[in-house]
Structures are given as C-alpha cells and as structure tokens.
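Notes follow the structure.
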Amino acid sequence: MNTKGPDPYLPGHGNIGYRTTHYDLDLHYRTGPGRLSGRATISATADRVLAEFSLDLGMFQIDKVFVEGAAARFSHRAGKLRIRPTTPISAGAPFTVTVRYGGVPRPIPSRWGDLGWERIDDGALVASQPTGAPSWFPCNDHPADKATYRIALTTKSRLTVVANGTLVSRRTTGNTTTWVYEQPAPMPSYLATVQIGRYRLVDLVAGAIPQRAAVPPRLLTAATHDLGRQPEMMALFERLFGPYPFSDYAVVVVDETLDVPVEAHGLSIFGANHIDGRRGFERLVAHELAHQWFGNSLTVADWRHIWLNEGFAKYAEWLWSELSGGEPAQAHAARSRALLAALPQDLRVADPGVRRMFDDRVYQRGALTLHALRAAIGDTSFFALLREWARVHQHGTVTTEEFTALAQRHSARPLGELFAAWLYEPALPA
C-alpha cells in the first residue's frame, strides 16, 4: 500500500518513498540471555528515485545491510535505520533490502506504555499496536503499508512458537526447532507477531477455517471451555460480515496478566487473567475475532480512523450477545449511552487525537454510532452495508469518509446529520 505521508498522529513512525510488498524474517531466539538475532529481507517498490531511504528499527546492533545484494552504507540512531544504496533506486523499481542484526529486544516506549517484544518466563510475547513492531524487526511501521510475510523462528525445542499465518514447516535439529509460518494476506507491521512459550496446541474446530489455540497446560481445561463457542461466533460473523478473510485463526493464551487482549493478523493474544472457566470474558473473544474483519483485513489508512477498528469490534460484542441468547444490542446501547453521558463531552470520535486513540469512549461511542445507523436504515440495509464494506476493502485500507459515503448509498434518507452528530461533534447526541 502506498503511504502518502507520515501518520498525523505518529509522524515519527513509518517512512515514505517506497511501499513494501513482502517481509522474509529469519529469526533465532535464545531464551537464557533473551537474545534475538535476525536476517530480515524486505521486498519493496520505490515511489520515487531513492538515493536514501529509512526503516524503523529499535536498539539492535546492525551487522550488515544489503540492497539488491550489494553492501550498502547505513546509519542507525533514534529508531531509524537510514540506508544509502550504492546506486539510487529508480522510481517504480522493485528492490530488496536485507538487514542482519542482533541484540536483546527492548520494547518501544510510548504514551501507552512499553510496546512490542516482551520477555517472559521461558519465552516471549509480542503485542505491537500501534508502534511496537520495530522492537523486533526492521519495518515500515505505518498502518497503511501492508505486505505479505514469511516468519521463521528458531528456539529451544521444548517451546512452542506461534506466528501469523499458516504453519508450513517445523524442523528439529539437535535441541532447537525452527518454526516457519507464512501469511499470504497483506498485513501492516503492527499486526505481525510471534509468541514463544510452553504451550499446548489444541484444535478448537476442524473444517474450512481451522481454529486452534496455544494454551499453558494448567489452563487447558478452562480455556477450552471459555473458547468453546468461538466456532459459533465465526459462523455468525461470517453471516453478518461476510467470509472470514484469512485461511485460519489462532488464539494464544499467555501465562501472564494482560490489561486487555490484543489482536494480531489471523490470531489474538489473551492473558491468563481472561480465562476463568466460566466464559466470564466471552465478549472479549467476540471482540478480538471481529477485529479480523475490522482492523486486520480492513486496516485504517491512518490512526485518526481508529473507531473503524474499535467501534466495530465493540458493536460485534453486542451483536454476539443479541444473537446468541443474551441481552439485545439495544440494552447494551442504552447502558453505554448512560455511561458516556456521565463522562466529559470533549471527544470527536472520527478524530480523537493521539492521546485518546484508545480511550474507551472511542470504543463505546463508535459502537453507538453503528447502532444509531442500524436504527436509521434498518437491519436489512445495515448488514448489507457491513458485508459490502468488508468485501470491497478486503486486505486494504479504509477511512471514515469512505465508510460514511458507502453507508449513504445504502440509505434512502440523508445521513449527513447523523454522522456529523455522532462522529464529529463532541456533545453526545440524543
């Protein structure tokens, strides 16, 4: 995907002048010292003549950099790897850059805490949204720059590795095993992940869309129960949103406490605290699954449009409740509106500002926007809109303006006032 410029919220991340098409990551992780060594080969296409270009990368030692197989000059500071090829790259030309690097991964500091690679007991977890990807591989860390991936990771054989996509091979040599995953659906860097730990792999359902889970052995019974209705969710969401956009879906339960679960491309990461054996966090199972359509297949063109991820996933929680025998969406909406009415009325959902990207009001009011739209145009038009939205923009990037324009085509009445009130005005509508 072509990025037209820096993200207005996070201008220090992402790079212009090219667009990536494929990442080939060959990684080796030593759990004792917590050291990661890697060879990243990135395929890209130049948007203009490139005498120099940059990648986002955290605090690693850089061994060598090659562009089109030729050694290139480089500098690395302040999270940017700046590369000068021996010959400028022509506009429109495809090219490859290979970076050999190593070190102890350090999370990327942000206003939301440390992001990206986190060392855990006998393993690692990776949750990168929105800027943590450079903590473990060189990348163009912009949500609109989507590419296919191959991720190979070698570590101790006692550990299980889960990454984006389909496991295509697993090879053991001595006391180490190399796990190779391929993700053919384009994804942004913030949704790339590897999870390493002492997990049991279990199949939740067989069929056209394999669903598996990686779970600490002590949580296996509880997790299997808590995820037991996920295949029903998948069937429901396919009916409401259209076909599942990837080849398979995985859930990883890390033996750590997480504030919230985190979506990745084709998989989701839950904390041990989200497993209680009573399905007490089932709404979050629905939320993370819905992100596979809204956020992962359809990715925001820039972070201003975050409600298109979180509002849609929140509303999917209410839809699951309504259509699986729980409270109707209207009851959830009424409760949500009462909650919001007691909070400050100073947030514009369609452009909340970088400090409030993950404010719960973006989630709640985004879902309320969809509920108000559903009430205005009726169920038939509303769900036809969601299916067309997911189909037309599959594996692409989206903006609020594109959604409101498509919604208008599904409505016989003007929707301008509805969207202005819900998305652009700080005051909570009636």
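Quick notes
- Whenever a residue of the range 356-373 is farther than 13 Å from Trp422 by Cα, its partners that are modelled with pLDDT under 95 and surrounded by fewer than 21 Cβ atoms within 10 Å (Cβ to Cβ), lying with C-beta atoms within less than 7 angstrom and at least six residues away or across chains, give the pairs Phe358/Trp112.
- Selection of the range 406-429 for residues being surrounded by 12 or more Cβ atoms within 10 Å (Cβ to Cβ), without any contact (Cβ under 8 Å) to a residue 60 or more places away in the chain and not in a helix (DSSP H, G or I) yields His410, Ser411, Leu415, Pro429.
- Among strands (runs of 3 or more DSSP E) entirely within the range 145-263, having at least 1 residues that are touching a helix residue (DSSP H, G or I) at 6+ places or on another chain (Cβ under 7 Å) and under 21 Å from Ala316 (Cβ atoms) singles out 200-205, 211-215, 249-254.
- Meets criteria (of a type in the set (Asp, Glu), more than 15 Å from the chain's Cα centre (by Cα) and surrounded by fewer than 23 Cβ atoms within 10 Å (Cβ to Cβ)) for Asp302: no
- Residue among Trp293, Trp303 that alone is of a type in the set (Phe, Trp, Tyr), out of contact with any helix residue (DSSP H, G or I) (no Cβ under 6 Å at 6 or more places or on another chain) and within 29 Å of Pro6 (Cβ to Cβ): Trp303
- From the options Ile42, Ile108, residue that is within 27 Å of Thr176 (Cα to Cα) and touching a residue at least 24 places away in the same chain (Cβ under 8 Å): Ile42
- Selection status of Gly103, surrounded by 21 or more Cβ atoms within 10 Å (Cβ to Cβ) and at positive phi: no
- Against the test of being small (Gly, Ala, Ser) and without any contact (Cβ under 8 Å) to a residue 12 or more places away in the chain, the options Ala376, Ala350, Ala341, Ala334 yield a single qualifying residue, Ala334.
- On the stretch given as the range 140-188, residues that are of a type in the set (D, E, K, R), within 19 Å of Pro130 (Cβ to Cβ) and out of contact with any Asp or Glu (no Cβ under 8 Å at 6 or more places or on another chain) total 2.
- Output for the range 112-143, where each listed residue is more than 20 Å from Leu81 (Cα to Cα) and assigned to a loop (DSSP other than H, G, I, E, B): Trp112, Gly113, Asp114, Asp121, Asp122, Gln129
- Annotation note: of Pro134, Pro138, the sole residue that is buried (at least 19 other Cβ atoms within 10 Å of the Cβ), out of contact with any helix residue (DSSP H, G or I) (no Cβ under 9 Å at 6 or more places or on another chain) and not aliphatic (A, V, I, L, M) is Pro138.
- Within the range 212-231, the set of residues being under 17 Å from Glu256 (Cα atoms) and of a type in the set (Lys, Arg) comprises just one member, Arg218.
- Of the criteria (1) in contact with a His (Cβ under 6 Å, 6 or more places away or on another chain); (2) more than 28 Å from Pro186 (Cβ to Cβ), which one Asp346 fails: (1)
The values are calculated or read from the model by the stated rules, or taken from the named source; none is laboratory data. Because the structure is predicted, anything quoted here is derived from the model rather than measured. Cβ coordinates were reconstructed from backbone atoms using ideal geometry, including for glycine residues, and neighbour counts include every protein chain displayed.
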